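Comments concern the structure below.
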Amino acid sequence: MIDFYTWTTPNGRKVSILLEELGLDYTPHAINITKDEQFAPDFLKISPNNKIPAIFDHETNIALMESGAIMIYLAEKTGRFLPSDQKSRAEVMQWLMWQMGGFGPMLGQAHHFLKYNAGKSAYAEERFGTEAKRLYRVLNTQLEGRDFISDEYSIADMAIWPWASRYEWQQIDLAEFPNVRSWYQRLLQRDAVQRGYQVPKDMGDIPAG
Ligand SMILES: N[C@@H](CCC(=O)N[C@@H](CS)C(=O)NCC(=O)O)C(=O)O
C-alpha cells in the first residue's frame, strides 16, 4: 500500500493520475497547503522540502518527495509508462524533465502574476505570459503528427497534462495550439485521468480544452 500526500494542484495530480493508471493500492491524504499543513512535523519527515506531492511505499519502506522522482519510481516499480529501450526512455525522460524544469515552474509563476496578482507587476506578467506561450508552442510542435508526447502514452504525458489543464489561468487559448488541444482532449477521455484529477477531493468539472 502507498500513502499518497497531495493537494488539488497540478503537481499532485501528476501522481494521482499515474496511481490511477497503474491501479495501485493507495490511500490519499489531503495536505491543505492553503492552511500550511505542509509544514507539519510528520509531513516534513516524508517531504523535507515541505511540498506536495509525496509518497510512502509500505512495500519497500521508501519515502519520496518531488513529483518527477515519484513518477519514475512508480513507473520502474511496475514496469509501465516508461519504455525500456534506450531511445524511447531517453525521450520520455527528456520531456518529463522539460515539464519539471520549465512547463511546471514557469506556468506556476504565470498563475501567480496573471491570475492571483494581476496588475501588480507588468514586467512579470509580460515575462511569464510570453514564456507560457513559448512553452505551448514547443509542446504544439512536439505533438505535430503524434497522439502522445513520445511514441506511446507515458509518464511525460501525465506530468504535462495537469499543467495544461490550467490553460485559462495562464491566459492560453488552446485554439492557438491545435495539437495541444487534441492531445489534451485525448487524455481527458481517459477514466484514470478523470479520476486522478479529483484526488484528494472532487473539484467539479474538468476544463474541457
Ligand atoms: N518540484 C516539486 C514542486 C512541488 C510543489 O511546488 N508543490 C506545491 C503545490 S503544487 C506545494 O506543495 N507548495 C507548498 C509550499 O510551497 O509551501 C515537485 O514537482 O514535486
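Bear in mind that the values in this text are calculations on the coordinates, not laboratory data. This one's a predicted model, so the numbers in the text were calculated from it and none came from an experiment. Quick reminder, even Gly has a Cβ in these numbers, built from the backbone with ideal geometry, and neighbours come from all protein chains shown.
For this structure, a couple of remarks:
- Distant-in-sequence amide H partners of His29 (H built 1.01 Å from N, under 5 Å): Phe4, Tyr5, Thr6
- Placing +1 on the Cβ of every Lys and Arg and -1 on the Cβ of every Asp and Glu, with nothing else charged, gives segment 86-190 a dipole about its Cα centre of roughly 160 debye.
- Whether the chain is rounded, prolate or oblate, judged on the alpha carbon gyration tensor where a/c under 1.5 counts as rounded: oblate
- Bridge type composition, segment 1-98 - antiparallel percent by DSSP, nearest 5: 60
- DSSP-defined beta bridges in the chain - what % are antiparallel, rounded to 5: 60
- Using θ = phi - 60° in the Karplus curve 6.51 cos²θ - 1.76 cosθ + 1.60, the 3J(HN,Hα) couplings for segment 192-207 round to 5, 5, 5, 5, x, 4, 8, 9, x, 8, 5, 10, x, 4, 8, x Hz; x is entered for Gly and Pro.
- Sorted by Cβ density within 10 Å, fewest first, the residues Met203, Met93: Met203, Met93
- Prolate/oblate/rounded label for segment 2-80 (Cα gyration tensor, a/c 1.5): prolate
- Placing unit charges on each Cβ (+1 for Lys and Arg, -1 for Asp and Glu) gives the chain a dipole about its Cα centre, and among Gly23, Thr78, Val193 the Cα reaching farthest toward its positive end belongs to Val193.
- Computed over the chain, the per-residue total of -39500 (n - 2.57) for DSSP H runs of n ≥ 4 gives a 222 nm mean residue ellipticity of -14500 deg cm²/dmol, rounded to 500.
- Least to most buried among Phe39, Phe148, Phe177 (fewest other Cβ within 10 Å first): Phe39, Phe148, Phe177
- Taking Cα centre as origin and charging only the Cβ of basic (Lys, Arg, +1) and acidic (Asp, Glu, -1) residues, the dipole magnitude of the chain rounds to 480 debye.
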